[in-house]
Each structure stands twice: as structure tokens, then as C-alpha cells.
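Notes follow the structure.
The values are calculated or read from the model by the stated rules, or taken from the named source; none is laboratory data. Treat the numbers as computed from the prediction; the structure is a model and nothing was measured. As a convention, Cβ positions derive from the backbone with ideal geometry for all residues, glycine included, and neighbour counts pool all protein chains shown. Please note that ligands, DNA and RNA were not included when accessible areas were found on the heavy atoms of the full protein model with its side chains. Shrake-Rupley method; radii C 1.70, N 1.55, O 1.52, S 1.80 Å.
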Amino acid sequence: MEYANEWNWVLLAYGVTYFALVVYASSIALRISRARKRLGGPS
Amino acid sequence: MSGSTTLVDLEKVSVRAGAVRILEDVSLTVHPGDAVGVFGANGAGKTTLLRLIATLQPPAGGRCSVFGADMYAADRFDIRRRIGYIGHTPGLYPELTLLENLAFVADAHGLPESEARRALELVGLSGAADRRTDHSSHGMQRRTEFARVLMTGPDLLLLDEPHSALDADAVDLVDELVHRTVERGGAAVLVSHDRDRVNSLATRTHEIKDGTLL
Amino acid sequence: MTDAGATPGFFAQVMTIVRRDLLRERRSGEVLWVTLPFGAIALLLVPLAIGTDAPTLQRIGPGMFWVIVMLFGVLIAIRQTSAETQAQRDMVALTGLDPAAIFVGRSTASFLLLVVFQTVLGAVTIVLYNVTPTGWAVLPVVLLLAASGLALLGTLAASIVSTGRSATALVPLLVAPLSVPLLLGATQALEAIRLGRSSLVWVLLMATVGLLLAVAGILSARPLQETA
Amino acid sequence: MTSTQHRTTVWPWIVMAVAGLHTFVASMTVSPDVVQGQLSRIMYVHVPAAWLAYLAFGVTMFASAMYLWKKDFRWDRRALASAEIGVLFTALAIGLGMIWAKPTWGVWWTWDARLTLTSIMFFVYLGYLALRRTTDNLDVRAARSAIFGVLAVVQVPLVHFSVIWWRTLHQPPTLLNPEGPAMDTAMVITLLIAVASFTVIYVAMMFKRIELARLEDEVLVADQTSSGPVAGQAVTAPGLTKGS
């Protein structure tokens, strides 16, 4: 297996990981601020 | 049963559905021989009150006992067989016949099937005993429910809007059921939005409004 | 009260529920006329998609049988709980039947229906896939254990889900992953026999699963009825 | 009255970012494995994700049992938060395993016992989350999901053993062991760092997810009381008054 090809897989793995973590964390943040808005409190 | 026991004793009971308080600080005592009428508008908490007494609705706070036993601490299965409850929608299995529905309850109470047949006769349904429930009219299903309660002979009768969807001679059944129970030393609680009906049957009446008993 | 009968014992209560469930099945014919033909047609569809050469069919036949028993059998175990109304639940609760007896009764009725289901589908498999059953001593035990485990699992899951709002679609999702030990137990026990090995560990696995589910169902019956 | 005056915490976000960056730097700077080459770097996210999948579900089971015992809604929210985060990490662990398997073995999926078990667990907890959506009644929802949470974990060991025995019976082709031959010390340390960092991320996420669960319960309570028959009167959200 050639060198560059391996790095592609590594990048894919890390891309997927960090993308998922960031999206999930953002979804929590978004849902929190939406809930606070609904409750009329400070957001 | 001895005449001195209190059948129902509610003390500052509240009931919650999710977060909503449906009943608030309700206190009610029912003695043998009582026929208690409770009336109130739709959504005032009548059904909840009845289901609470029937041990079907857990309270959120307060003290409640039925037949002198704390209904939510004690083993309530023996209490339940002494309660006759008729809700506003019939709890029958649609694919079974009227008789089969009653026979199931008789079986659960350790009664022979002949009792179920006799009870159907008493409510004037002996001709329709083998009719499937989902092929029977709403009025017939209501009568079957009355037959169920007649059959088990409860010490505590709980009726939710007993007069709705009943023809004229079935209304007499309600009277008879209440009188039978009370004469035997039991008691009845009936809730209705119809003040006149309740007044004519009850020995005492309460009004329920916004979850509070007046 | 003079006209009230004596409180029936636990076993009598179980039988009350079994009789009710079997009578309801006889009247509605849901298992016999809906679920059973559905399972049979599934067995018919598979070769159409995979290919109809005899060696392939003989090889996949037993496996297909078990997969279909597990997936469609759930529908049998949940057939009534999911359609039950609040009024019916109230009525049953006020008969004073012990919730544990109700659980055992429901499971028993489902078990009996599942045995019928398995028998018919087994015959269909033998005919369509030209499978020769092996292990005549162990096969009945495996069938009975699979039926009882699935009945218990389905009944338990259905009573967890029944909250008033209908959630029929959810029960198969809850049951399917948890039925893996049953599926593996059943298939591997028979596979072991075919290869001339001991199937004991698989039979024991299935028995353990059944036992655990029975205990869990009996213990959770009261709390589940109280939070209906 | 429902209280909306909860302080919002910012530190979990910072912790998540720092721990995430830390893992990245550590796993990119360590020298690659002799046999597997650069692909070995996938291990530094795959193994922690798999570890968290199991940890999160363990926490869900513990919190479910605690709810059944104490009837305190805080335990219910902890169980939910951990299950949802657990589903995320299970999906990640499976996905990363596939990304590693494809260039290594040439297939996306093998019927390895652990892989099978992990994917079954994924569906069990997806079911748990679906179950929570079937009712808006907080008491009923908490009780039902707690019972399922406990039941599911009782079943998982059985699934585990059955899957392992199943593999042993079939004598799977011995492919390249994911751990490979004895690992380099630097790699072990990096792996430990990654596992620790991911655990920190999990803890920080739990804080925010629990905060969200509390707010969502309050919204539910507010919705129910505004349309209920005794609107605005005597509203107490169960467990909310006990603070956080």
C-alpha cells in the first residue's frame, strides 16, 4: 500500500470523528438555546 | 362487613398528570350506606377523582385509603375485587361476545360462568349473550358493564357519568345498582355533569371545580 | 360479601388469562389468518430472490426458518398489548388479578401460539427447502425454548411500551437485538448436532435467557401496571 | 412556578475543544506502527470511541437502576444523556472500524464477535431512545425507560457470550489482529492519552446534555401546563425543585 493512500484513510477517519463530535456538540448547544428561548429565560 | 368502617378516606390528596395538577387538596370520606354524588364541568377532574378512588390513578401527594387500608402501600389486589367501577367508555374486548367478556371477569373473580349468564339476564340482555361486542350497540355494551358490576357485587360502586348513552329503562338499572349496593352496607360514588340526576340518587353531593372538591 | 367467589390462586389466575387470550385469538384469528400466512409467504419469497438450486436452499433453509420465526414471532407476542385501550386495562386491573399472573398468562398464551407458528413454518420449510431435520432428541427442546424465550421477551417489551399511546412499531425494534442469544442458541444447537458436537451449551444459553426474562417480567409486572 | 434561572456553563465547551485538539496532536505526532503504517493512527480514535460506547451504556444502566431505586429525575436525565452520547460513540466506533478494515482487510465489515456485539448494542440503545419518545408523561417515561435500561444491560452479557461462542464454533479465519504485534511504548502512551482525552470529552458532553435534558423537561412542563385545565396553578415539575 502506498504512502499517500494510507493518509487518505487516516484523514477520512479523523474527518469523520471530528465532524461527528462538532455536529453533535453544536446540536446540544442549539437545542439548549432553543429551549431557553422557549422558557423565556436568558439565553 | 362492619358498619363502622370508613370505606373511602381521602385526605388532602393531589393528582398530577405529567406536570399538571389535576386534583388539588381533595378530602373526601365515604361511609357505608353513602351514595355520594359529585358533579362538575368537563375537565374539572371528575374522572380522575373516580379513578383515584378505584386505585387506578396513583396520587402525587396526600393520604388515601380504601376499606381502611392505605391503597398505595398495601397489597391492593384484594381491594380491587371489592370495587365496582364503570368508566365512561366500555372496557370490553370487541372480538368476544358479551357473555365471553363477562365470563372472563367471572373467572378472574372465581365465579362460575352461570353467574355471568344470570347477570346478563338481570340487565335484559340474555337474548344477546352470544352477540359479538363489536356488533352490539353502545347501549348494550353499557348494560354489559352494569351486568359485570351486578355479578361481582362490589362493596364500593364507582360510576362515571352513569346516565350517558342509556335508554329510559336502563336508567332504572343505575338506580337499582346504587340501591342494591347501599342496602348491602356498601357505598356508591357517582360523578356527572348532570346535577339533577345526581341529586335524585345521592344522599349527599359535592361539586368539583378546577380540581378542587367544594 | 356472600355472592363473591373465593380469590383464585396464582395458577388459576394464570389460566384465566391464558383462556382469555386463546379465546380472543380464536375469535379474531389474527395469528392463524394473518401472521402465519405472512411468515409462510416470507419463506416463499426468499428463494425467489436468492436462487432456487437445491444445495443452496438446503443450506439456508434452517437459518431462514429461524430468522422468520424470530422476526414474525414478535408480532404474535405483541398482538394484543399494543391494541389495548385504557378502559380495557382498567377493567383488567380491577379484576384484582396479580400483574405477575397476567404476565405469566400472556406469555403462556403467546408461547402456545408460537409453538403452532413454528410447527407450521417448520413444515413449510421442510417442503419448500427440502430440509431434513436433524437431532430428533434436541430439536423439540430447542423449539420449545425458542418459543418460550420469544414469548417472554415479546410480552415484556410490549408491556414496557404500552403507555396509552400506541407504539406498535417500536416493540420489534426493542425485541430484535435482544433476541440474538435465542437466535444463536437455536441455530447453533442444531448446527452442533449436525456437526456431531455437543449442543448443551446452546441449550443452556437459551434456558438462561428464558429464566432471566421470566424473573424480569414477574418482578417488573407490578411497577409497570402502576405507571400505566 | 418553573424556574428558568439556571446558570449556563461554558467550561464544558472549552474542555471539549482542548481535549479534542490534544488527542489530534498526540495521535498525529507519534511515529506510525511498523506493520500497519499510517493506518495505525486510526486506532487512536477508534479505540477511545469503542471504550466510550461501553462506558456510556454502563452509565445508562447504572443511572436507570438508580432511578428505579431513588425515583429522582436527575438519574433519569443522566441515563438519557449517557445513552444519547453512547449512541454517537457507538456509531463512531463502528464507522471508524470500517474505515480501518477496508484498507487493511479489503472489506468494510467482518463478522468479528466484538464488531457484531457493538452493532447489536447500537440498536438496543437506539431502541432506548425511541422508547423515550413514546410518552410525554415524565413519570411514565422515566419508569419505563429505566426498566428497559436495566433489562437491556442484563441481556448484553448474554448477547456477548453467545456471539463469542458463535465465533469460536465457526473458527473465523485469523486475520490481522487489530492490536498487531507488541505495541511500541510511545504508541501505548498515545493510546492511553487518547482514551483519557475522549473520556474527558464524554464527561463534558454529559454536563451539557444533562443541562439540555433539564431544559427540555421544563419546556415539556410549560407546554403541558399552558394547555392543561388548571393552567398556571400549582405547577411543580417533578424533580426540578431538587436543584441540579
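Observations on the model:
- Pairs exceeding a 27 Å alpha-carbon distance, out of B:LYS209/D:LYS71; B:LYS209/D:LYS70; D:LYS102/D:LYS208; D:LYS70/D:LYS208; D:LYS71/D:LYS208; A:LYS37/B:LYS46: B:LYS209/D:LYS71; B:LYS209/D:LYS70; D:LYS102/D:LYS208; A:LYS37/B:LYS46.
- Farthest toward the positive end of the dipole of the stretch C:10-227, out of C:ILE41, C:LEU114, C:SER179, is the Cα of C:LEU114, where the dipole comes from beta carbon charges about the Cα centre.
- Among the helices of chain C, those built from whole DSSP H runs whose Cα atoms reach 20 Å or more along their own axis and whose mean Kyte-Doolittle hydropathy is at least 1.6 are C:36-50, C:99-129, C:139-161, C:200-226.
- Remark: relative contact order (the stretch B:122-181) = 40 percent; criterion is Cα-Cα distance under 8 angstrom and separation of 6 or more residues.
- The mean number of partner chain beta-carbon atoms within 10 angstrom of a residue's beta-carbon across peptide C:148-155 is 0.
- Amide H to amide H, with H built 1.01 Å from N, B:GLY61 comes under 5 Å of B:SER14, counting only residues 5 or more places away or on other chains.
- Of the residues D:ARG74, D:ARG133, ranked by 1.4 Å probe accessible area with the largest first, the sequence reads D:ARG133, D:ARG74.
- Chain C: most fluctuating residue of C:LEU94, C:LEU170, C:LEU32 per GNM, C-alpha cutoff 10 Å: C:LEU94
- Theoretical FRET efficiency, 1/(1+(r/R0)^6), r = Cβ-Cβ of D:HIS22 and C:THR208, R0 30 Å, to 0.05: 0.10
- Three-way shape label, the stretch B:85-185, alpha-carbon gyration tensor, a/c 1.5: oblate
- Working from label points 7 Å from Cα in the Cα-to-Cβ sense, the B:ASP78 to C:THR168 distance is 4.1 nm.
- Fraction of beta bridges assigned by DSSP in chain B that are antiparallel (%, nearest 5): 50 percent
- Cα centroid separation, the stretch D:30-52 to the stretch C:37-57 (Å): 43 Å
- Interface burial in the stretch C:90-129, defined as at least 20 Å² less accessible area with all protein chains than with the chain alone at a 1.4 Å probe, covers C:ASP90, C:MET91, C:ALA93, C:LEU94, C:THR95, C:GLY96, C:LEU97.
- Average Cα contact separation per residue, the stretch B:58-149, under 8 Å, 6 or more apart, as relative contact order %: 30 percent
- When peptides D:153-159, A:20-26 are sorted by average Cβ neighbour count within 10 Å, with the highest value leading, the order is D:153-159, A:20-26.
- The mean number of partner chain beta-carbon atoms within 10 angstrom of a residue's beta-carbon across peptide D:215-225 is 5.
- For the protein assembly as shown, the 222 nm mean residue ellipticity estimated from helices alone, with every DSSP H stretch of n ≥ 4 adding -39500 (n - 2.57) and the total spread over all residues, rounds to -21500 deg cm²/dmol.
- Label-point separation, C:PHE10 to C:ARG222 (7 Å along Cα→Cβ), nm: 1.2 nm
- Number of partner chain Cβ atoms within 10 Å, mean per residue of D:87-96: 3
- Long-range HN-HN contacts of B:ALA17 with modeled amide H, under 5 Å: B:ILE22
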